[in-house]
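A short worksheet on the structure shown next.
The values are calculated or read from the model by the stated rules, or taken from the named source; none is laboratory data. None of the values given here were measured: they were computed from a predicted structure. Cβ placement follows ideal geometry from the backbone for every residue including glycine, while neighbour counts extend to all protein chains displayed.
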Amino acid sequence: MNIYTIILTHFFLVIVSLPSWAYPPLQPLIDAAKSGDTLRPPPGTYSGPIAIEIPITIDGNNQVTIDGGGKDTVVYLDTDGAQLRHLHLTNSGESHNQIDACIQVRGNFNVIKDNVLDNCLFGVDLQQSDYNIVRRNRISSKPYSLGLRGDAVRLWYSVGNKITHNEINNSRDTVVWYSKDNVIADNVSKGGRYALHFMYSQFNRVENNIYHENSTGIFLMYSDDVEIRGNQISHSLGATGMGIGFKESSNVIIENNRIVYCATGIYLDLSPYQPDTVNQIYANEIAYNSVGVLFHNDWHGNTFKHNQFKGNHTQISVQGASTASRNVWQSNYWDDYTGFDRNSDGIGDTPYKSYAYADQIWMDIPSTQFFKGSAVLELLNFLERLAPFSEPVMILCDPTPLINPSSLNRNLLQKPQNCNPH
């Protein structure tokens, strides 16, 4: 190896091992820009953090990295009408108190799209920021345990934002708190805690997302008038895993979602909470879950129509009580329905009725949950159905059960059935 090769090799090793603070700073280029300018930095890695306080566009052409140096937030966006496009933002600080993020937004009408955001505690944090677009970004947190990661997208007192077509992996949550009129659509989220969590947030829309292998798909707390349509939620497992959960939330529409392979498909706790309100749960596929729908208590005000209940270990369960009959159950498909359809109108000749037998013992005695689905409980359940030694309680009655999932009929409401317990 000659002297020139040694010198070049040493020079290369020095360059590739530069600490983040040694990268050229991007802030001087931003400070030199004027309102409305489009900044296209030469390809390479630049040091952050940076602050943007005028409406400019930074386009990295997928060749620009901004490294935060492991401190603070990488990009602080404190303006209206700016755009961040085709950038790689990485290496934020680690403070939850300061919400160290790839991007903190403190303005309106900004566009953040087609970026890669990784190794940041939080992804995109919007506080009191309205009508922003966060689209087609790839977002992941720092490689910490689940509870210590930050949120992929965080909305706080923010209105009218569109969070769409993002790919989220191994972050903690996406949260919408005290925020209304936002759209969360066409995102993919995997490996998190809450794929989407609402708190005190009204009039939001959640459409066509794919939430896979998170602890919980969607959870609503004290959040009314939310529309959840066309989402696929699967493999929300673990002791508290659930597809969609409600806590004191009212006037919610759950429609055309696929909720499969979860510990609990839908969980309802004191929902709807506001007087004279109804939660509409229509045309969902609720399949292959341990429990299809779980009520925290004997509550009322939910309407279940045209849903498909298939392959669930337990279709409907109620904690602390034995009935869900104060809700409306109509024209659902139940794969354990044992009636006939002699006139071939697609509707069962007798109502679908679900009773609490011995197989429900695990709901009331936690220590028996170990035996859920076991041969012992299945045998007890068979004997209880064959020769009941106590009066079984009817959990629910669907007067017009569908014979197959496609048996929708315009005359469904015109075929009365008897839903008396006996």
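Values computed for the structure shown
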{"item": "Residue within the range 112-132 that is over 26 Å from GLY70 (Cβ atoms) and not in a loop (DSSP other than H, G, I, E, B) present", "result": "no"}
{"item": "Per-region count, the range 281-306, residues polar (S, T, N, Q) and buried (at least 17 other Cβ atoms within 10 Å of the Cβ)", "result": "4"}
{"item": "Selection from the range 71-92 of residues that are in contact with a strand residue (DSSP E or B) (Cβ under 9 Å, 6 or more places away or on another chain) and farther than 22 Å from GLY44 by Cβ", "result": "ASP78, THR79, GLY81"}
{"item": "Within the range 164-211, strands (runs of 3 or more DSSP E) holding 3 or more residues that are among the polar types (S, T, N, Q)", "result": "none"}
{"item": "Selected residue (only one of VAL260, VAL291, VAL278 is β-branched (Val, Ile, Thr) and over 20 Å from VAL206 (Cβ atoms))", "result": "VAL291"}
{"item": "Within the range 43-91, strands (runs of 3 or more DSSP E) holding 1 or more residues that are of a type in the set (A, V, I, L, M, F, W, C) and touching a Pro at 6+ places or on another chain (Cβ under 6 Å)", "result": "57-67"}
{"item": "In the range 113-141, residue nearest to ASN204 (Cα to Cα) [restricted to those that are β-branched (Val, Ile, Thr) and surrounded by fewer than 24 Cβ atoms within 10 Å (Cβ to Cβ)]", "result": "ILE133"}
{"item": "Residue ID - surrounded by the most Cβ atoms within 10 Å (Cβ to Cβ), chosen from residues in the range 337-355 that are among the charged types (D, E, K, R) and in contact with a strand residue (DSSP E or B) (Cβ under 9 Å, 6 or more places away or on another chain)", "result": "LYS353"}
{"item": "Residues of the range 274-291 satisfying the condition of being part of a loop (DSSP other than H, G, I, E, B) and in contact (Cβ under 8 Å) with a residue 12 or more places away in the chain", "result": "GLN274, THR277, VAL278, ALA283, ASN284, TYR288, ASN289, SER290"}
{"item": "Counted residues, the range 240-268 - those being farther than 23 Å from GLY160 by Cα, surrounded by fewer than 18 Cβ atoms within 10 Å (Cβ to Cβ) and modelled with pLDDT of 95 or more", "result": "3"}
{"item": "The one condition in (1) crowded, with 21+ Cβ neighbours inside 10 Å; (2) out of contact with any strand residue (DSSP E or B) (no Cβ under 6 Å at 6 or more places or on another chain); (3) over 16 Å from ARG172 (Cβ atoms) that LEU237 fails to fulfil", "result": "(1)"}
{"item": "Residues of the range 200-255 that turn out to be closer than 16 Å to GLN274 by Cβ and acidic (Asp, Glu), as a count", "result": "3"}
{"item": "Subset of the range 235-272 [small (Gly, Ala, Ser) and in a loop (DSSP other than H, G, I, E, B)]", "result": "SER236, GLY238, ALA239, GLY241, SER249, SER250, ALA263, SER271"}
{"item": "Test: residue in the range 55-68 that is modelled with pLDDT of 95 or more and more than 29 Å from PHE109 (Cβ to Cβ)", "result": "no"}
{"item": "Close pairs (6 angstrom Cβ cut-off, 6 or more residues apart or separate chains): of a type in the set (Lys, Arg) in the range 241-267, assigned to a strand (DSSP E or B) anywhere", "result": "LYS247/MET221; LYS247/ASP269; ARG258/GLN232; ARG258/GLU285"}
{"item": "Candidates LEU220, LEU294, filtered to the one that is more than 21 Å from SER322 (Cα to Cα), in contact (Cβ under 8 Å) with a residue 24 or more places away in the chain and in a strand (DSSP E or B)", "result": "LEU220"}
{"item": "Residues that are touching a residue at least 40 places away in the same chain (Cβ under 8 Å) and either more than 19 Å from GLY238 (Cβ to Cβ) or in contact with a strand residue (DSSP E or B) (Cβ under 8 Å, 6 or more places away or on another chain) (or both), drawn from the range 126-154", "result": "LYS142, GLY150, ALA152, ARG154"}
{"item": "Selected residue [touching a residue at least 60 places away in the same chain (Cβ under 8 Å) and of a type in the set (Ser, Thr, Tyr)] from SER322, SER236, SER271", "result": "SER322"}
{"item": "Condition met for ILE99 (closer than 30 Å to SER145 by Cβ and in a strand (DSSP E or B))", "result": "no"}
{"item": "Residue satisfying all of: in the range 142-181; touching a helix residue (DSSP H, G or I) at 6+ places or on another chain (Cβ under 9 Å) and on the phi < 0 side of the Ramachandran plot; surrounded by the most Cβ atoms within 10 Å (Cβ to Cβ) among these", "result": "ARG172"}
{"item": "Residue pairs meeting the criteria (Cβ under 6 Å; at least 6 apart or on separate chains; first farther than 19 Å from ASN62 by Cβ, in the range 25-46; second of a type outside the set (A, V, I, L, M))", "result": "PRO25/SER47; SER35/PRO55"}
{"item": "Residue in the range 325-333 that is in contact with a strand residue (DSSP E or B) (Cβ under 7 Å, 6 or more places away or on another chain) and at pLDDT below 95 present", "result": "yes"}
